[in-house]
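Report on one structure; see the data block that follows.
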Amino acid sequence: MVVLGIETTCDETAAAVIERPPAGRGVILSNIVLSQTVEHAAFGGVVPEIAARAHVEALDHIVARAMSEARKRFDDLDGVAAAAGPGLIGGVIVGLTTAKAIALVNRKPLIAVNHLEAHALTARLTDGIAFPYCLFLASGGHTQVVAVRGVGDYVRLGTTVDDAIGEAFDKTAKLLGLGYPGGPQVEKEAAHGDAARFALPRPMTGRNDANFSLSGLKTALRLEAEKIAPLTDQDVADLCASFQQAVVDVVLDRLRAGLKLFQARFGAPTALVAAGGVAANQALRKALHHAALEAGTIVIAPPLDLCTDNGAMIAWAGAERLALGLTDTLDVAPRARWPLDEIAAANAPAKTAAFK
Ligand code: KG4
Ligand code: ZN
């Protein structure tokens, strides 16, 4: 099964062609990602209008490159997939409309993929792992612990009640005058800082649920920074190290709670799967291994370029759905908001009702 996937929900214009064998991991035939980081850097974050315009300008070329690198013609495809949300609506419209046009003209099935579902299924593309597994998705827009029980069968065990983890890293970086995106900069500074210098809070720790709250941590950091302003280079490094340590402690505690919830409801997970750009953070990865070891499971962290937004994950999720006959009609709508567990509700109302 050969599927083209298109991703335009945020600031990456991406297209990829993958092949899904009847069993086991997938084969990536091409995976083209054009990042808009430069366009948004001056604003310290993604500007929706700029993103949508950049997608319009780039997408046709990116799709053409993905097809030619895969040495496929549209006629060779078994399906055309696009991320239909959640995300910045202008960008989602560009990607989904392009996919609809390709599907219509070439008489191929269309698959409208939930972007979060694509992150959730990536570990099956890279490692061919079996269900059920526990997903920790941490990006600039999302922070979720999810039980992945099957294609279209997701139970959210925890989420952030305010900022996403990546967002907290980005805001910290902005506050300290570091560049965008902030995560990598904060990690770099933290490497030569003193994590014990500032006593920052560990919000939500000790609770039985697996929810997160990051905005208080960011505010506490701002207050500490204001107290000692103007900041020296060492101050900045120490603030970054203290912030990162607080996030690591929070993640470890929240994942422990999430894995306990998982085990109580669904039994042992086949793995703890990391996804999202924040998974690049080495200190956080260590926390994941720690939590997994305690729970008697392993960590699967797809290679970084497949953890961050890309077309291959959309194509793969499309292929997984296509294999189950889950295709969409041409009037499917783009969605700014689209919670993961809503897919579960649509696919199997009786099964998910018990977990509400
Ligand atoms: O998944 P992603 O590429 O895009 C979406 O947000 O969907 O994630 C980007 C986020 C940004 O907030 C960035 O600061 C964060 O991931 N990030 C990191 C690191 N690398 C990227 N956060 C912490 N440490 C890192 N090394
Ligand atoms: Zn994403």
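Observations, loosely collected:
- Per-residue [θ]222 nm for the chain (sum of -39500 (n - 2.57) over DSSP H runs n ≥ 4, rounded to 500): -15000 deg cm²/dmol
- For region 201-210, putting each phi into the Karplus relation 6.51 cos²θ - 1.76 cosθ + 1.60 with θ = phi - 60° gives couplings of x, 10, x, 6, 5, x, 7, 7, 6, 10 Hz, in residue order, rounded to whole numbers and with x for Gly and Pro.
- Here the spin labels are modelled as points 7 Å beyond Cα on the Cα-Cβ line, and at residue 226 and residue 330 they lie 5.7 nm apart.
- Spatial offset of region 36-59 relative to region 171-244 amounts to 27 Å, using the alpha carbon center of each.
- Relative contact order (percent, whole number), region 133-300, Cα cutoff 8 Å, 6+ residue spacing: 28
- Using R0 = 30 Å, the C-beta based FRET efficiency linking residue 174 and residue 65 works out to 0.35.
- Modelled FRET efficiency - R0 22 Å, residue 323 with residue 76, Cβ distances, 0.05 increments: 0.80
- Spacing of the modelled spin labels on residue 191 and residue 298, each 7 Å from Cα toward Cβ, amounts to 2.8 nm.
Read-outs throughout are calculated quantities, based only on the coordinates presented, and are distinct from any laboratory measurement. Just so we're clear, the structure is a prediction, and the values are computed from it rather than from any experiment. Ideal geometry is used to build each Cβ from the backbone, glycine not excepted, and the neighbour counts take in all protein chains shown.
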